[in-house]
Structure formats: C-alpha cells, structure tokens
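The values are calculated or read from the model by the stated rules, or taken from the named source; none is laboratory data. Everything numeric in this text was worked out from a predicted model, so none of it was measured. Positions of Cβ are backbone-derived with ideal geometry, glycine not excepted, and every protein chain shown enters the neighbour counts.
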Amino acid sequence: MNLLVLILPLLIFIIPVAFAEPSNIGTIYWKQEIISSNSFVDIYVHDNDMNKKEYPNFADKFTISVWSDSSPDGLEIQVVETGVYSGIFKGRVFVADSGDTAKNRLVSMPGDTVYAKYVDFTMPDGSTSNIFSAAIVKISGQNMTPLLDKIDPKYRMSKSVEKVPVWIKNNAGWWADGSIDDSSFVQGIQFLIKEKIIEVDTSTLSQKSDKIPTWVKNNAGWWADGQITESDFLSGINHLVKSGIISVGDNSVKSVSDSIVSECQSIKSNYKRLNCEKEIKQNLEFTEFKKSSDRYDVGSITYYYPGIGNFGNEFEISSSGQAMLRLRIMAENNSNEVISLKCTGPSICNYDVWDGSKAFKYAGMDFISGQIPISPGTSFIFNMMFGPNIGYGGNQFIYDSSKNYNFRVNESFGSIEIPLKIE
C-alpha cells in the first residue's frame, strides 16, 4: 500500500513531461502583398505543430481557404511542407481576371483584396484560432499603397515572420554550446540555402576565410535562447556566405547530399533507409534542375528545361549522319489534384518537336502505360529521344541548322512551345 502511495504522485509528474510537446502559434502570409493578375502566387503557413512526423520520410500537408472580393466563396487549396520536418507549408493559387473560380484558379479583379485563412487548432491553450492574411491585386499604373493601408495590419505580412525551421534553431543552440561541430552546422545551413527555405545575398563575395567568427556563433546561441531576432541571426549567415565559409556553388551540392544521406544510415529497415536516401537525392536534383532551367507555365504544370548540354539534354550527329536529340525535362504540379502527362505512342502523344513546318515524333520515351501521374506539390523528370524512325506513327528526326526547333506541349490543361536552342 505504501509503495502504491509513492508511485501515484510520481506518475502525476512524469506523464505530462513524457508526452507533452510544445505548441506554437501558426502564421500565414502571401508571398507578395501586391499580386499581378493572371499569375501564380504562393501562400505560406508556418506552424511546427503541423509537422506530424507520422511518416518520417515524407512531408506533411493540409488545406487552407482562399477567396477574394470578386470570388467570396473562394477555394480550398492544399499546402505541402517544403521539406521533411521543416514546419513550413507552401500552396499556390492562380489569380485570374476572367473565367471561373475552380480548382486552384481564383478569379480576382485588379484592386481586389485577396484573403487566405488558416485554422490553427493547436494553440498553446488548447483552443482553435482563425489566422488570416491579405494582399491586393495590382491595378496597372496605379500606386497601391493606399489600398494596402486599408488592410487590417494584423492581416498583412509581418516582417517578423520566422522563415527558418525550428530544427535549425535547435541546431544553432547545440552548435553554440559545442554539442555539434562547425561542419555539421554549416552543412545544415547549406541545405536550407539550396532548398531556398532561407535566402542570402551572394552578390558580393569577399576573400574566402575558413574560420567562423566568434560573434556568429554567439549570435546562434542568443537566437536559440530568444535573446535576438531571426533577422539578426540571418545577418550572421550572410556574413558566412560572403566570406566563403558557406559555399552555395554547385560543388557544395554533393557534400550536402552525402552528409544528409549519411543520416539515413541510422534507419534499420533497408526499405525505409533506401527510400530516405532516394528522396533526399531526388529533392537535391530537383532543386539544381530548377535553378539551372528556364520555366514555362502551362495551366497548373510548370515545365523546366535547362538547355542542351545540361542534365542529360544532348544533341549529336551520329557517324551515319543521323541526328540524335535527347531531352530531359522536369514537370512540377502546382495544383491540388493529381495531373497526368499523356503520351501513349508516337502517333498519339501530347509532346513532339516542331521545326516550324514539320512535327517530329519520339523514337524513345519513359512514359509508363502512356502517362505520368504527378501528385500535388511534386515534380517528375521525364526523358524523350528523337532520332531514327521506329514505326507505329513515328518519323525520323532531321536536323537543319537554318531552322529553330521547339519542344511542343499540347495537353488538355494547356499548350506551349519551348525553344530548344539546338546548335
């Protein structure tokens, strides 16, 4: 009996500590306060409580509401975590001045106020809170400041919105107290810069230095303890980039990838470990691919083409005189639903190469069962080769240096011609 009396008080104190997880208040904001008509605009939600960690190798997602003066009923759109454990969620909506409001298309006239709402049901006191953000659709040639000033200040983008994920703030504290070394901290910052979770000024670089100044490390510790603001911390990061201590060039990608992939080695399950490595490497490839490419928006899909000589895009004339063109293009789904790219055969395919007078059908491609389904907020790199005639509706690719060649997209969601710049 006495033993039971002793154990019960201990349980009262131990259980809350073991299972409690700190909550924070979410924020939401439009990427721009002034939005151009007929363009995509991004919306961000920051809330580490929504990083559920239920699936350790995948980003979380949920829905928010958006509407405008012209479309008061609005839409429900999905926001997807920018990276595993980042706690930062991104959605995208197309602001149009005509047509119907549907899917991720929000009809809004110039001068309209557009709104976004996030329902934070993980408030520190256990309550639920509706959190709003607002922006203005630009009126060409007009000063938009008076309209912006009419928006409730609490709905406008806060300059104090934190951009850096919570886990990197924890790293800053561990780095400051010596729990992790300089290299580990720098590699984490490199990854955030590459993923564009944080942005730094690389316009002017001073002579390279290998030593991190003491004041930068002090800043990290003070920021982790809440004694200075995030912007003060980021000024230190800018210094590291300008000093060359943190490299954001192409050569840094492999070291960042190797470092992060090494973290997957702690996963015991072979299947889960391989998936972890695959996702990290793929995300790094997508980031570099986008950075090196021209973008082409077609409905809810954005195509990225880096040009001949980059990322497997090649053109050559074989010893027999046959022109061979290999294309590797990335498609990114910006909508809230699965969208499929379709190509069932050379004669029935939504993709070809056009020289201004003749369409060339592919000689090889990697569409599985005639289509490539792309989930919301994700990307896929597909390959097509144009060369000899393989029959079944195909034709031989013929190169004429006097002509300009375009890669044509003719999908149900839109069409475009992408200049290939073959030389």
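Just one residue in the set 150, 103 is more than 16 Å from residue 66 (Cα to Cα) and either out of contact with any Phe, Trp or Tyr (no Cβ under 7 Å at 6 or more places or on another chain) or at pLDDT 95 or above (or both); that residue is 150.
Cβ separations smaller than 7 Å between residues 6+ apart or across chains give no pair from the range 366-395 residues that are more than 23 Å from residue 310 (Cα to Cα) and not assigned by TED's automatic domain parsing to the domain that holds residue 324 to residues that are modelled with pLDDT of 90 or more and crowded, with 18+ Cβ neighbours inside 10 Å.
From the list 86, 23, the lone residue that is buried (at least 18 other Cβ atoms within 10 Å of the Cβ), at pLDDT below 90 and assigned to a loop (DSSP other than H, G, I, E, B) is 86. Condition (residue is over 28 Å from the mean Cα position of the chain (by Cα), among the aromatic types (Phe, Trp, Tyr) and surrounded by 14 or more Cβ atoms within 10 Å (Cβ to Cβ)) applied to the range 363-383: is it met by at least one residue? Checked the range 363-383: no residue is over 28 Å from the mean Cα position of the chain (by Cα), among the aromatic types (Phe, Trp, Tyr) and surrounded by 14 or more Cβ atoms within 10 Å (Cβ to Cβ). In the range 123-142, is there at least one residue being at pLDDT 90 or above, part of a loop (DSSP other than H, G, I, E, B), touching a Ser or Thr at 6+ places or on another chain (Cβ under 7 Å) and not hydroxyl-bearing (Ser, Thr, Tyr)? There is at least one residue in the range 123-142 that is at pLDDT 90 or above, part of a loop (DSSP other than H, G, I, E, B), touching a Ser or Thr at 6+ places or on another chain (Cβ under 7 Å) and not hydroxyl-bearing (Ser, Thr, Tyr).
Whether a residue is over 21 Å from residue 297 (Cα atoms), modelled with pLDDT under 90 and crowded, with 19+ Cβ neighbours inside 10 Å was assessed, and residue 51 passes this test. Within the range 297-324, restricting attention to residues that are crowded, with 16+ Cβ neighbours inside 10 Å and touching a Leu at 6+ places or on another chain (Cβ under 8 Å), which residue is farthest from residue 420 (Cα to Cα)? Per the stated criteria, the residue is 301. Give the residue that is nearest to residue 405 (Cα to Cα), with candidates limited to residues of the range 270-317 that are at pLDDT 80 or above and basic (Lys, Arg). That would be 295. With respect to the stated conditions, residue 184 fails to be modelled with pLDDT under 80 and part of a loop (DSSP other than H, G, I, E, B).
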